[in-house]
Amino acid sequence: MRPNTPILLVEDDEVDQITVQRALRDIHVTNRLLIAANGEEALRMLRDPACERPGIILLDLNMPRMNGAEFLRVVKCDAELKRIPVVVLTSSREEQDRIESFNLSVAGYMIKPVDYRQFVEVVRTIDLYWTLSELP
Amino acid sequence: MFRRQCFIYLQLLLGWATLVCFGGIGQFALAHAGPPRSRPLDDLGDGRPSQLLQSLTVVWIIPENPSRAGRQEQVGREEDSARPGPAAIVSADLRAPLPAWLERAGDCEPVPKPVWERLPVGRLLRSRDELYVGQTELHGLDDRLFWWVLLVVALAIVLAICWNRTPCRDSGAGTVAPHGGLGAERLDDETTRETARRFRAIFDQSLHLTGVMDPQGTLLDVNSPAAEFSGVSREELLHKPFWEGPWWRHDSAARSQVREAIARVAHDGEPVRFQTTHVDRDGRLHNIQFSLRAVRDDIGRIALLIAEGLDITDLKRSEQAAQDGREWYRSLFEGANDAIFLMEEDRFVDCNPRTQALFGGTREQILQLHPYDLSPEFQPDGRPSTQKALEKISAAYAGEPQSFEWRHYRIDGSLFDAAVTLNRVFLAGRPHLVAVVRDITGRKRADEALRNEMAFSQTLIHASPAFFVAIGADGRTRMMNPAMLNALGYTAEEVVGKDYMTTFVPDADRGALARIFEQLVVAGRPTLNENHIMTKDGRLLLVEWHGAPVFKGQELDYFFGVGIDITRRRQAEEEIRKLNAELEQRVRDRTAQLAAANAALNEFAYVVSHDLKAPLRAVSQLAQWVSEDYASVLDEEGKNRLKLINGRIARMYNLIDGILQYSRIGRVEEDRRPIDLDLLVREVIEALSPPAHVHVTVEGRLPVVVADRTQMTQVFQNLIGNAIKFINKPAGLVTVACEDAGDRWRFSVTDNGPGIDPKYHEKIFGIFQTLTPRDQQEGTGIGLTLVRRIVELYSGKVELESEVGKGSTFTFTLPK
């Protein structure tokens with residue numbers, strides 16, 4: 001994990017928030033985890049100068065107020081934000097969601113496994129990707 | 001005095017007798033007799049009252065009615081039409097009034113006054129001639145008068161003879177010479193000389209060539225016509241044998257004939273008559289009716305012979321003409337194509353050959369019949385034939401020519417229709433009817449055929465539900481059939497003669513219709529158009545018309561239109577159009593609803609996939625954390641139960657996924673395109689990554705099909721996946737194959753697994769049906785259901801061939 005760059009998790013489900021926190025802890029990722037409960041909150045945080053800008057965004061799709069796709073449309077039009085890699089972390093296996101997400105230039109599309117162990121593996125893969133991938 | 005009068009009568013009688021025998025037409029003679037008396041003649045209108053007349057004798061030679069003779073010829077009656085008519089001799093006492101004059105002639109009706117007035121009495125008196133011969137036409141004489149004039153003649157002759165003889169005999173004077181010997185007798189007193197002079201006049205005025213000879217044939221006297229005829233003077237002719245006269249010079253046979261005749265008459269006193277020829281002074285030959293008779297003296301000896309010749313050359317000629325005419329009419333009669341009957345009263349007296357052909361019998365058969373025998377009891381008009389025939393015959397006899405149609409029987413009883421004319425003719429003075437019968441069966445048949453055709457057309461027009469209308473060239477309605485009248489609500493009387501355009505066509509359609517009429521006249525062909533017509537109560541009917549112009553010669557006579565009321569049809573079409581539009585709208589609405597429903601379903605699926613799975617996942621993870629974080633606190637049983645929770649959650653997770661997959665088929669739009677199944681199947685096998693003890697092979701090369709990639713993947717994934725999953729042998733073998741099945745491909749996936757009992761073959765395709773406990777074998781029971789659903793989308797069918805212990809073969813087809 002890249003040092004000192006916070007991770008932004010946009011997730012409304014509290015258990016999922018804990019799952020991600022726990023999985024990061026389990027694989028010893030120490031970066032600060034920012035959590036927004038929906039797209040609007042996430043945008044607010046991203047545009048708040050006082051708030052540190054995250055190095056990666058883990059995005060759930062199905063959220064109240066502003067869902068993942070809506071959030072993506074805003075972010076990918078924002079010159080300041082569009083280069084932040086976004087990995088979709090969702091329970092939806094819908095083809096439509098995948099296509100739409102990649103159309104909105106996500107960096108990855110991960111399905112949340114039921115089993116926690118598998119979930120940890122998913123988070124590990126993301127970490128690996130984020131660590132190895134060259135970023136602007 | 002009396003004797004003189006008698007003598008005059010006799011002389012007149014002789015002359016008239018000649019006229020009777022050979023006389024001309026319409027001749028009459030007038031003579032007056034007796035010394036002047038005291039009665040003035042101013043009532044005779046001559047304006048010379050000094051002339052007094054005692055008595056007047058009138059002789060009429062009345063010819064046969066020429067017109068009647070003509071008609072006789074027409075039907076070829078063999079009669080001598082040139083026969084002179086009878087003479088009438090009437091004496092009148094001028095001192096008596098007119099009726100008295102007539103009474104002397106006998107008991108008879110008066111001569112019509114006009115006839116009397118036409119007699120040129122005045123002229124006779126003025127000329128002071130004692131004899132006048134002239135001609136007049138006595139039109140006024142009808143048949144009845146004619147007969148009693150004849151009677152009068154007879155009476156007059158009898159009276160004259162009686163008067164002549166009685167005084168002669170009574171006087172007993174034997175010295176009286178024969179009266180005919182003019183110039184041979186010496187008359188001692190003035191009266192006698194005067195008489196002789198008068199008779200000389202009569203003698204010379206005769207139309208006949210007359211000569212007097214002694215019994216030896218020596219010519220004693222000839223009258224002026226005879227002398228003039230010969231061109232030789234009287235003096236030269238006299239005192240020579242008659243047969244040596246110039247009249248006979250051309251023909252010795254004639255000479256000897258007349259010589260013999262003279263000898264015979266001189267011998268036995270019987271008159272002779274024969275036809276001979278004379279030559280006139282110019283050498284022309286004349287036909288002569290010659291007679292020779294003897295005149296006896298008082299003691300009965302033959303004293304004189306009187307020869308008379310009548311020039312009948314013209315008569316001969318007219319006879320020939322008459323003969324020709326008869327031939328002509330006879331040939332008409334014989335050769336006519338119409339049956340011609342001659343009827344007298346109501347009997348047939350003659351018929352022509354055509355009659356025999358037409359009625360089918362011999363002339364004799366037909367003539368025996370009564371006209372009614374040739375008619376049925378009733379005529380086609382229902383009237384009895386006898387009654388109707390009697391009417392017609394009576395009218396014809398009354399002089400009105402009849403022409404009518406008649407139904408006839410033939411002799412064999414068959415019927416035919418005829419046109420009959422009846423005309424009256426007089427034959428031998430009796431009225432007859434000429435009936436001309438023409439067979440008109442053919443014409444009748446043609447008429448009937450025409451009538452039938454007319455009736456057919458009429459029926460067609462009257463019974464047809466279509467509209468028929470005839471519009472004159474002047475735009476006026478000539479005819480409308482009942483269907484159209486009913487539709488419009490008019491009666492025929494109301495429409496005939498009305499201007500069609502303004503009465504029946506609404507304003508809006510008039511211009512177009514006028515153009516149609518113009519086109520009809522120019523093109524001269526039927527055309528098709530639609531226009532509205534107005535009913536009496538103002539409704540509009542839409543009519544489809546087939547119009548045609550009808551020409552009389554070059555001129556337009558009328559337009560004929562046949563129309564069909566398409567108001568309802570058009571309304572129905574309109575309704576159908578509306579309904580269709582409605583229906584389309586409904587389909588659009590429904591499609592939109594379906595789309596909305598689909599969207600809702602998608603939304604639902606999304607909700608299910610996320611909102612149902614999210615809590616499950618949360619429960620699962622929480623349970624896992626509990627077992628990890630509190631591992632030191634939990635005993636084995638506690639840990640085991642937490643594991644069970646996770647197992648059930650995983651199953652539910654899979655069920656939800658299965659439902660989503662199943663519902664996605666047909667809900668998500670298919671994307672059919674050519675897919676190389678060979679490639680796809682290999683990818684599937686690779687993705688399935690079968691365990692080492694299972695060998696999956698593809699036989700040959702799989703074909704390219706047009707299909708949805710996801711669906712094909714699901715089919716092969718499930719079938720091959722199932723085969724791998726259930727293999728219970730150390731060396732598993734799964735074979736994928738394809739064969740050509742006509743217009744489709746048949747695919748098969750065969751394994752050497754445990755096999756499936758046939759009783760479950762149907763059940764395994766049901767949703768969520770599994771044959772093993774869920775916890776033993778991972779599976780939702782959705783796979784085969786999906787396979788069948790997809791294959792059925794491609795009109796195929798999934799079949800299973802399997803026995804327990806012998807493996808299974810799933811087959812399905814896809815279109816080529």
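The values are calculated or read from the model by the stated rules, or taken from the named source; none is laboratory data. From a predicted model like this one, the values you see are computed outputs, not experimental measurements. As a convention, Cβ positions derive from the backbone with ideal geometry for all residues, glycine included, and neighbour counts pool all protein chains shown. In case anyone asks, the SASA skips ligands and DNA or RNA and just uses the protein heavy atoms, side chains included. Shrake-Rupley method; radii C 1.70, N 1.55, O 1.52, S 1.80 Å.
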> For the stretch B:307-377, which chymotrypsin sites (Phe, Trp or Tyr not before Pro) are in a loop by DSSP, counting at most 10 other Cβ atoms within 10 Å?
Replying inline: none
> Roughly what would the spin-label model give for B:A600 and B:E364, points 7 Å off Cα along C-beta, in nm?
Replying inline: 11.8 nm
> Using a Förster distance of 25 Å, how high is the FRET efficiency between B:D280 and B:S224, based on the Cβ-Cβ distance and rounded to 0.05?
Replying inline: 0.95
> PRE reach from B:R259 (point 7 Å along Cα→Cβ): which of the stretch B:272-288 fall under 20 Å by backbone N?
Replying inline: B:272-279
> Which lysines have a Cα lying under 25 Å from the Cα of B:K797, excluding residues fewer than 8 positions away in the same chain?
Replying inline: B:K725, B:K759, B:K763, B:K806, B:K816
> From the Cα gyration tensor of the stretch B:648-702, with a ≥ b ≥ c the square roots of its eigenvalues, which class applies: rounded if a/c is under 1.5, or else prolate if a/b is larger than b/c, or else oblate?
Replying inline: oblate
> Quick one: length gained pulling B:S795 to B:L238 fully straight, 0.36 nm per residue minus the C-alpha distance?
Replying inline: 185.3 nm
> Short version: which residues of the stretch A:11-30 lose at least 40 Å² of accessible area, all chains versus chain alone, 1.4 Å probe?
Replying inline: A:V15, A:R22
> R0 = 41 Å: FRET efficiency of B:V608 with B:A741, Cβ-based, nearest 0.05?
Replying inline: 0.60
> How much accessible area does B:V626 have with a 1.4 Å probe, in Å² rounded to the nearest 10?
Replying inline: 60 Å²
>> Under the 0.36 nm per residue contour assumption, what length would be gained going from the current alpha-carbon distance of B:E584 and B:E493 to full extension?
In response: 27.7 nm
> How much accessible area is lost when chains A and B come together, counting both sides, with a 1.4 Å probe, in Å² rounded to the nearest 100?
Replying inline: 2000 Å²
> At what distance in nm do the modelled label points of B:D412 and B:Y630 sit from each other, each positioned 7 Å from its Cα along Cα→Cβ?
Replying inline: 13.6 nm
>> Once ligands and nucleic acids are excluded and a 1.4 Å probe is used, how much of B:R672 is accessible, expressed in Å² to the nearest 10?
In response: 110 Å²
> What's the long-distance tail for the stretch B:624-677, i.e. % of Cα pairs beyond 12 Å?
Replying inline: 74 percent
> Among the lysines, which fall within straight-line cross-link reach of B:K639, defined as a Cα-Cα distance under 21 Å, with same-chain neighbours fewer than 8 residues apart omitted?
Replying inline: none
> At a probe radius of 1.4 Å, what is the per-residue accessible area of B:H693, in Å² to the nearest 10?
Replying inline: 80 Å²
> What is the stretch B:617-764 by shape, rounded, prolate or oblate, if you read a ≥ b ≥ c off the alpha carbon gyration tensor as root eigenvalues and call it rounded for a/c under 1.5, prolate for a/b larger than b/c, and oblate otherwise?
Replying inline: prolate
>> In whole Hz and in residue order, list the ³J(HN,Hα) couplings for the stretch B:269-274 that follow from phi through the Karplus curve 6.51 cos²θ - 1.76 cosθ + 1.60, θ = phi - 60°; x for Gly and Pro.
In response: x, 7, x, 10, 9, 7
> By a straight-distance test (C-alpha under 19 Å), which aspartates and glutamates pair with B:K578 as possible cross-link partners, with residues fewer than eight away in the same chain excluded?
Replying inline: B:D589
> Given a 1.4 Å probe and every protein chain left where it sits, what share in percent of the accessible area of the stretch A:1-57 is carbon and sulfur?
Replying inline: 47 percent
>> Leaving ligands and nucleic acids out of the surface, order A:R22, A:R117 by accessible area at 1.4 Å, largest first.
In response: A:R117, A:R22
> By accessible area of protein heavy atoms, probe 1.4 Å, what ranking do A:C77, A:C51 get, highest first?
Replying inline: A:C77, A:C51
>> Can you compute the label reach from A:Y129? Point 7 Å from Cα along the Cβ direction, backbone N cut-off under 12 Å, restricted to the stretch A:66-89.
In response: A:85-89
>> With just the Cα atoms defining each centre, how far is the stretch B:472-523 from the stretch A:110-136? Give it in Å.
In response: 93 Å
> From the Cα gyration tensor of the stretch B:691-741, with a ≥ b ≥ c the square roots of its eigenvalues, which class applies: rounded if a/c is under 1.5, or else prolate if a/b is larger than b/c, or else oblate?
Replying inline: oblate
>> What do you get for trypsin sites (Lys or Arg not before Pro) in the stretch B:676-762 restricted to DSSP loop and a cutoff of at most 13 other Cβ within 10 Å of the site's Cβ?
In response: B:R701
> At a Förster radius of 35 Å, what calculated FRET efficiency corresponds to the Cβ-Cβ distance of A:E121 and B:Q593, to the nearest 0.05?
Replying inline: 0.20
> Over all pairs of distinct alpha carbons, what does the Kirkwood formula give as the hydrodynamic radius of the stretch B:285-395, in Å?
Replying inline: 18.9 Å
> So for the pair B:R296, B:R568, with labels modelled 7 Å out along Cα→Cβ, what separation do we get in nm?
Replying inline: 11.6 nm
> How much length is gained if the chain between B:V550 and B:R648 is pulled fully straight, taking 0.36 nm per residue apart and subtracting their Cα-Cα distance, in nm to one decimal?
Replying inline: 25.6 nm
